[in-house]
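Undergrad: Following this message is one structure expressed as structure tokens.
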Amino acid sequence: MISKTYAPQEIEDKWYSYWLENRYFHSKPNPDKEPYTIVIPPPNVTGVLHMGHMLNNTIQDILVRKARMEGKEACWVPGTDHASIATEAKVVAMLKERGISKKDLSRDEFLEYCWEWTHKYGGIILQQLRKLGASCDWDRTRFTMEPDLYDSVIDVFIDLYNKGKIYRGHRMVNWDPQARTTVSDEEVIMKEVNQRLVYLKYPLVGENGEGTMEEGVIIATTRPETIMADVAICVNPNDERYQHLIGKQVSIPLIHRAIPIIADDYVEMEFGTGCLKVTPAHDTNDYELGKRHNLPIIDLLNEDGTLNERAQILVGEDRFTARKKIIRLLEESGNLVKTEEYKSNVGHSERTDAVIEPRLSEQWFLKMEEISKPAFENVMNDTIQLIPAKFKNTYRHWMENVRDWNISRQLWWGHRIPAYYLNDGTMIIAKSKRDALRKAQHEYQLFALTEEDITQDPDVLDTWFSSWLWPISVFNGIKEPENEDINYYYPTNDLVTAPEILFFWVARMIIAGYEYKGNYPFKNVYLTGIVRDKLGRKMSKSLGNSPDPIDLIAQYGADSIRTGMLFSSQAGNDLPYDEKLVEQGRNFGNKIWNAFRLVKSFQVSENTEQPQGSARAVKWFDSRLNQVLAEVHDHFSKFRISDALNTVYKLVWDDFCSQYLEMIKPGFEQPIDAATYEVTLDFYDRLMRLLHPFMPFISEEIWQNIRERKEKDSICIAAFPKPKEADQFIINDFEILFELVSSVRNLRNAKNISPKITLPLAVRTEAQERYQKLEPLIRKLANVEALAYVNEEGEGTSFRVKSDEFFVNLAGEVDVETERENLQKELDYTLGFLESVKKKLSNERFVQNAKGDVVEKERLKQADAEAKIETLKEALARLV
């Protein structure tokens, strides 16, 4: 017996366990089936489910469940990313609570703690995805640090190095002082911050080498703590203010080191004072300027952002503390001219939010220009589709300006770079220290060498250098390039991800796909929007504006959250989240549940003949269902997932629950005929299968209760309904029926007539046959007497439906005088309105100067008012 109310908490765990027990989500290569493959964007092992995950994984689950029901070999591969920076930060915080510092641990000891943390917390988010209903093949769960995937990353590094595509170089990089590692350009987030623009004077150095405060140059900087690393002052050669100073020297305040004044067109004369301090070690543009003029480099910052001995003063101070202190020192020395409040964009680390430092560092790089060409061309020519296509412009911009990829990170947790160094500095690229020793012995004849004489590079690879292989490595396609899984499942079908990692991850996966499989990794890339709050802010736990998805599921049920997230989620457009959408999803579930309870409550009679109206209603809904099925399939083909859901929502709520069930529902304590009942159950079956990808739990519960099912039956593997030909004529007829019924009901409301009172109804039409077929339903839904057909005007109030005119004689049901007064008032108002419109249109200046569409709207108003006046006059004339 189906329960009175729908309680998702009582059925969700039951059905998810049932699906797992029967292994409906498990996939293996099947040559008799078409594969459908999705790889999950691997969440960080540090992560917990947030609203963005909810949206992204709901869309993936919808696509996978639909494919599975279509008879495809559906495979959704789950997994997690080791997230070097984020995980190290979590582990360091955990160790701090235990009174342990990372610097007191060996590398191996620290990695043991990383694995401890990963084993304890790393699977949380995947467990949470089960609550959402995600139908992943959990047997295929992968982790970027597991042995096979680790080996794949190292093999790819060695292969690319041997091809000459990976090199080591001393470059200016983005340095995160908190994580103490380099980060890529894409991991730097620019934020507008309030700063102080400090004006200070560099005294001119006289012939005796001493500086004089009377002469000198003034520069403006937001980073006075770096003046000790200055190596020159630069001016524009065309700047007449400073031409006489070019070649002379100034003294750096506080440390009194002399530096030259040089000239370069790079300096903008109108910006600031026209003088630029050149600090090659701490500014990317200064570094390039320094190379052009062969200037020395002084790096005064430690890895953690504190000043080192080369700063000479404030050694050991944090850079921001030093900034405050040096301003006071400059003021005391007389070098400070003034300070101003100043807003500027400053780069922050995406992972730690620390302010990024430009820093010269020895790093590993991947040459990107050649290797990225196939990935660029095959997105531009739509071999790979970006959805929506507007993101092609973003992709084009990135790929046309691609820079070499800094792939090394100064961390311990991650894939360690397979570079080994001998005592004399010789570098050997090998998979292990043992392999490196063999190479040293055979290639350099160093037979006395031992493993103790070899040191491995301490850096690890950028996390993205492992996840760029994800669609290949999850099927072990790097280590075993011709294995059964990779040959069957690759290339995958669809990728669902966020636009902000379009270059981070998507472009790089495409690059790896063409490099290692000679083919794209996926055919379609569906880019979701960002989930935002009512104020337009991105939802995040740090802002405190994001609900806990697990709490929402507990309160509303997973189906409600899934539909709530999708009701207003167009591809690529941000989702304005509102809990009312989730409530709408819950109400939808309740509507479906209560409608099913109604159907199951019908007493069925095998001996009752099917009423003509029910037979007609069945034909209509069958056609309407097929019409919607065609629309839904079209929406899916264009990745309009939200549109598909809204189309199904309207079909179920409006067409089925509000219209169809009302038409076939038997009278009080009367049975329903068996034919109508059985076809109604069939409709419910098809509707639940149509709904299943969106709302898997309630659809399974109802589907199982529609009829007796075989053991291990599940809607998961039931056929997704396909459209058949729809009868457009009957659909059109029922649109007229619904408009007619609505008009009668509106008339009742306007005249305050009870729905229980049967009204007389006549029609003047040339389509009498149509209304004869619809008459049983017209009488039932509108509660009217047998439909009369007239050739002239009928008696009573009239209204039009399409080209047909209907008459309802309300004599005895309404007060004629009151009705006449109301009609006269409405007529007087409309006559006045018509007069004002005519006056406006008779104004030549208005007609000549107003836009064409504005004038046309006024003319339409005139025509509408004139038609309404005629109708009102006729209604008044009919009143006796």
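Undergrad: Is there a residue in the stretch 223-230 that is out of contact with any Phe, Trp or Tyr (no Cβ under 6 Å at 6 or more places or on another chain), without any contact (Cβ under 8 Å) to a residue 60 or more places away in the chain and not acidic (Asp, Glu)?
TA: Among the residues of the stretch 223-230, not one is out of contact with any Phe, Trp or Tyr (no Cβ under 6 Å at 6 or more places or on another chain), without any contact (Cβ under 8 Å) to a residue 60 or more places away in the chain and not acidic (Asp, Glu), which makes the answer no.
Undergrad: Starting from the stretch 146-159, keep only residues that are closer than 15 Å to residue 460 by Cα, then list their pairs with residues that are among the charged types (D, E, K, R) and part of a helix (DSSP H, G or I) whose Cβ atoms are within a distance under 9 Å, requiring at least 6 positions of separation or different chains.
TA: Short answer, once both residue conditions are applied: 156/515.
Undergrad: For the stretch 93-101, does any single residue satisfy the condition of being surrounded by 17 or more Cβ atoms within 10 Å (Cβ to Cβ) and assigned by TED's automatic domain parsing to the domain that holds residue 504?
TA: Checked the stretch 93-101: at least one residue is surrounded by 17 or more Cβ atoms within 10 Å (Cβ to Cβ) and assigned by TED's automatic domain parsing to the domain that holds residue 504.
Undergrad: Another question, then. When you go through 380, 368 one by one, which is the residue that is at pLDDT 90 or above and buried (at least 18 other Cβ atoms within 10 Å of the Cβ)? So that I can check it myself, show each step before the final result.
TA: On the way: 380 fails: buried (at least 18 other Cβ atoms within 10 Å of the Cβ).
Residue meeting the stated conditions: 368.
Undergrad: Within the bounds of the stretch 211-230, is there any residue that is assigned to a loop (DSSP other than H, G, I, E, B), over 21 Å from residue 346 (Cα atoms) and at pLDDT 95 or above? Steps first, answer last, please.
TA: Residues of the stretch 211-230 assigned to a loop (DSSP other than H, G, I, E, B): 222-223, 230.
In the following step, the residues that additionally are over 21 Å from residue 346 (Cα atoms) were identified as none.
There is no residue in the stretch 211-230 that is assigned to a loop (DSSP other than H, G, I, E, B), over 21 Å from residue 346 (Cα atoms) and at pLDDT 95 or above.
Undergrad: Which condition breaks for residue 238 when tested against (1) assigned to a loop (DSSP other than H, G, I, E, B); (2) in contact with a helix residue (DSSP H, G or I) (Cβ under 8 Å, 6 or more places away or on another chain)?
TA: Among (1) assigned to a loop (DSSP other than H, G, I, E, B); (2) in contact with a helix residue (DSSP H, G or I) (Cβ under 8 Å, 6 or more places away or on another chain), the lone unmet condition for residue 238 is (2).
A quick yes/no check of all residues on (1) polar (S, T, N, Q); (2) touching a Ser or Thr at 6+ places or on another chain (Cβ under 7 Å); (3) in contact (Cβ under 8 Å) with a residue 12 or more places away in the chain:
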{"position": "84", "(1), (2), (3)": "yes, yes, yes"}
{"position": "90", "(1), (2), (3)": "no, yes, yes"}
{"position": "97", "(1), (2), (3)": "no, no, no"}
{"position": "101", "(1), (2), (3)": "yes, no, no"}
{"position": "104", "(1), (2), (3)": "no, no, no"}
{"position": "107", "(1), (2), (3)": "no, no, yes"}
{"position": "110", "(1), (2), (3)": "no, no, yes"}
{"position": "115", "(1), (2), (3)": "no, no, no"}
{"position": "121", "(1), (2), (3)": "no, no, yes"}
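Undergrad: Filter the stretch 130-145 down to residues that are among the aliphatic types (A, V, I, L, M) and either touching a helix residue (DSSP H, G or I) at 6+ places or on another chain (Cβ under 6 Å) or without any contact (Cβ under 8 Å) to a residue 24 or more places away in the chain (or both), then give me how many there are. Break it down into steps so the answer makes sense when it comes.
TA: Filtering the stretch 130-145 down to residues among the aliphatic types (A, V, I, L, M) leaves 132, 134, 145.
Still in the running and either touching a helix residue (DSSP H, G or I) at 6+ places or on another chain (Cβ under 6 Å) or without any contact (Cβ under 8 Å) to a residue 24 or more places away in the chain (or both): 132, 134.
Residues meeting the conditions: 2.
Undergrad: Does the stretch 114-145 hold any residues that are assigned to a loop (DSSP other than H, G, I, E, B) and either under 18 Å from residue 409 (Cα atoms) or not assigned by TED's automatic domain parsing to the domain that holds residue 476 (or both), and which are they?
TA: Let us first name the residues in the stretch 114-145 that are assigned to a loop (DSSP other than H, G, I, E, B), namely 122-123, 133-137, 141, 144-145.
Within the stretch 114-145, 144, 145 meet the criteria.
Undergrad: Something else: Hey, any hits in the stretch 334-342 for a residue that's in a helix (DSSP H, G or I), in the same structural domain as residue 282 (by TED's automatic domain parsing) and aliphatic (A, V, I, L, M)? Show your work before the answer.
TA: Step one: filter the stretch 334-342 for residues in a helix (DSSP H, G or I), giving none.
The answer is no, given that none of the residues of the stretch 334-342 is in a helix (DSSP H, G or I), in the same structural domain as residue 282 (by TED's automatic domain parsing) and aliphatic (A, V, I, L, M).
Undergrad: So, one more: Mind checking which strands (runs of 3 or more DSSP E) fall wholly inside the stretch 366-446 and carry at least 2 residues that are within 26 Å of the chain's Cα centre (by Cα) and among the aliphatic types (A, V, I, L, M)? Break it down stepwise before answering.
TA: Details: elements: 385-387, 419-421, 427-429.
Because the criterion is at least 2 residues that are within 26 Å of the chain's Cα centre (by Cα) and among the aliphatic types (A, V, I, L, M), the strands (runs of 3 or more DSSP E) in the stretch 366-446 that meet it are 385-387.
Undergrad: Report the residue count in the stretch 354-401 for those that are closer than 30 Å to residue 280 by Cβ and touching a strand residue (DSSP E or B) at 6+ places or on another chain (Cβ under 8 Å).
TA: Total meeting the criteria: 15.
The values are calculated or read from the model by the stated rules, or taken from the named source; none is laboratory data. Since the model is a prediction, treat every value here as computed from it, not as a measurement. So basically every Cβ, Gly included, is an ideal-geometry build from the backbone, and we count neighbours across all protein chains shown.
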